[in-house]
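The values are calculated or read from the model by the stated rules, or taken from the named source; none is laboratory data. In this text, all values refer to a predicted model and were calculated from it rather than measured experimentally. Here the Cβ is made from the backbone with ideal geometry for all residues, glycine too, and neighbour counts use every protein chain on show. All accessible areas refer to the heavy atoms of the entire protein, side chains included, with ligands and DNA or RNA removed. Shrake-Rupley method; radii C 1.70, N 1.55, O 1.52, S 1.80 Å.
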Amino acid sequence: MTTTFDLLVVGAGPGGSNAAAVALRQGLSVVQLERYRFPRVKPCGGGITMKSWNALRLDPLAVVRGEFAEVEVNVWQRSHNRFSHPPAPLLRTVVRAQFDDYLVSQNLKSRGFQFFDDERVVDIEYDGRFRVQTAKQTLFARQLVGADGAYSIVNRVFSIGRPRGYAVAVEVTLRRDRATLPVETPPSFDIGAVDRGYGWVFPKDDHWNVGLYTLGKSKTLRQQLRTYIAAKGFQLKTDPLATLEAHR
């Protein structure tokens, strides 16, 4: 007999795992699919505002790598703007691979939850229930949550939105034993550090996550990131961009 789940979630980022957690708390049966093998690297600064944190139905405090009462949103080389709201923190930082994996591990403690990673969805049909075909199996569900991004198969099949273009992000991890920063910085965004985009620095307990995000098409993004890192005051013992790849 074919099992029909109450809910099928495509994508295992925070949104998908939080949706799964909400359903599990209502006693529903849930299956979650992720196209990459977990834990997987995700280009992301790893900053979570307290509003987003409080919306989570899971408690990932065990994987927090920093907590900050100040953040910066600067206009690159024009204005320096620091914001605070004492005594409450504004932001917590995590490492996305660790954070996403932890959320899934918490849901796996619930009966009625199944998780399949390294399984790409190749087709979806709806005839009163959802039929989801992966590269390995066919699953059925009464409800479907698409948490697999703007260019996802869920969006393509059901025409939920119409994304208008691609953005490019490039990032590096600067380990504190291989880099120094004379003056510590809170989590910061630097608008205009790259054309049609911004740069970011997100401190963690043992490293900084530094990157650039742009809607433009740049062939020199790697060198621009080197320039940005130097302009932020980092002193490096080794070149962290030697094997860097950009992510779209």
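So what are segment 120-248's ellipsoid semi-axes, whole angstrom, largest first, if each one is the square root of 5 times an eigenvalue of the alpha-carbon gyration tensor?
Ellipsoid half-lengths, sorted descending, are 39, 17, 13 Å.
Using DSSP, restrict attention to beta bridges with both residues in the chain and report what percent are antiparallel, rounded to the nearest 5.
Taking every DSSP beta bridge with both residues in the chain, the antiparallel ones total about 70 percent.
Can you tell me which of Phe38, Phe189, Phe83 moves the most in a GNM of the chain? Springs connect C-alpha atoms under 10 Å apart.
Of Phe38, Phe189, Phe83, the most mobile in the Gaussian network model is Phe83.
Roughly speaking, what is the stretch gain from Gln26 to Asp205, that is 0.36 nm per residue apart minus the C-alpha to C-alpha distance, in nm to one decimal?
60.8 nm
Residues of segment 7-25 with amide nitrogen under 15 Å from the 7 Å Cα-to-Cβ point of Tyr126?
Hits in segment 7-25 for Tyr126 at 15 Å: 7-10.
Determine the distance separating the Cα centre of segment 16-89 from the Cα centre of segment 139-193; give it in Å without decimals.
If you average the Cα positions of each part, the centres end up 12 Å apart.
Determine the share of the chain's accessible area contributed by carbon and sulfur atoms, expressed in whole percent, with a 1.4 angstrom probe.
After summing per-atom areas, the C and S share lands at 50 percent.
Could you check the spin-label model distance between Ala97 and Ala55? Points 7 Å from the Cα along Cα→Cβ, value in nm.
Calculated label separation equals 2.7 nm.
Apply the a/c threshold of 1.5 to the C-alpha gyration tensor of segment 1-128 and tell me whether it is rounded, prolate or oblate.
Note, shape of segment 1-128 comes out prolate.
Which ³J(HN,Hα) values in Hz, rounded to whole numbers, follow from the phi angles of segment 3-14 under the Karplus curve 6.51 cos²θ - 1.76 cosθ + 1.60, where θ = phi - 60° and Gly and Pro get x?
These are the phi-based 3J(HN,Hα) values: 7, 10, 6, 5, 9, 10, 10, 9, x, 10, x, x Hz.
Taking a cut-off of 28 Å between Cα atoms, list the lysines near Lys136, but don't count ones fewer than 8 places away on the same chain.
Cross-link targets: Lys42, Lys109.
Compute a Gaussian network model of the chain, connecting alpha carbons closer than 10 Å, and tell me which residue from Val168, Val31, Val157 fluctuates the most.
Val157
List the relative contact order of segment 1-68 as a percent without decimals, with contacts defined as Cα pairs under 8 Å and 6+ residues apart.
The value is 31 percent.
Using modelled amide H (1.01 Å from N, peptide plane; none on Pro or chain starts), what sits under 5 Å from the amide H of Thr134, excluding residues fewer than 5 places away?
Val122, Leu139
Modelling each spin label as a point 7 Å along the Cα-to-Cβ direction, I'd like the Leu241/Lys219 distance in nm, to one decimal.
The modelled label-to-label distance comes out at 1.6 nm.
Could you tell me the relative contact order of the chain? Use alpha-carbon pairs under 8 Å, at least six residues apart, and round to a whole percent.
Once normalised by length, the contact order is 22 percent.
Cβ neighbours within 10 Å, averaged per peptide: list 229-240, 201-212 in order, most packed at the top.
201-212, 229-240
Be a star and scan segment 9-34 for residues whose amide nitrogen sits under 12 Å from the point 7 Å along the Cα-to-Cβ vector of Val63.
12-15, 17-18
Check the straight Cα-Cα distances from Lys217 and name the aspartates and glutamates below 20 Å, setting aside those fewer than 8 residues away within the same chain.
The qualifying aspartates and glutamates are Glu171, Asp190, Asp195, Glu245.
Build a GNM of the chain with springs between Cα atoms under 10 Å: which of Ala88, Ala169, Ala19 gets the top mean-square fluctuation?
Maximum fluctuation in the GNM of the chain, among the listed residues, is at Ala88.
Let me have the 222 nm mean residue ellipticity of the chain computed from DSSP H runs of 4+ only, each contributing -39500 (n - 2.57), with the sum over all residues rounded to the nearest 500.
-5500 deg cm²/dmol, from helical runs alone.
Ranked highest first by average number of other Cβ atoms within 10 Å, how do 22-29, 215-222, 40-47, 98-105 line up?
By packing density, highest mean first, the sequence is 98-105, 40-47, 22-29, 215-222.
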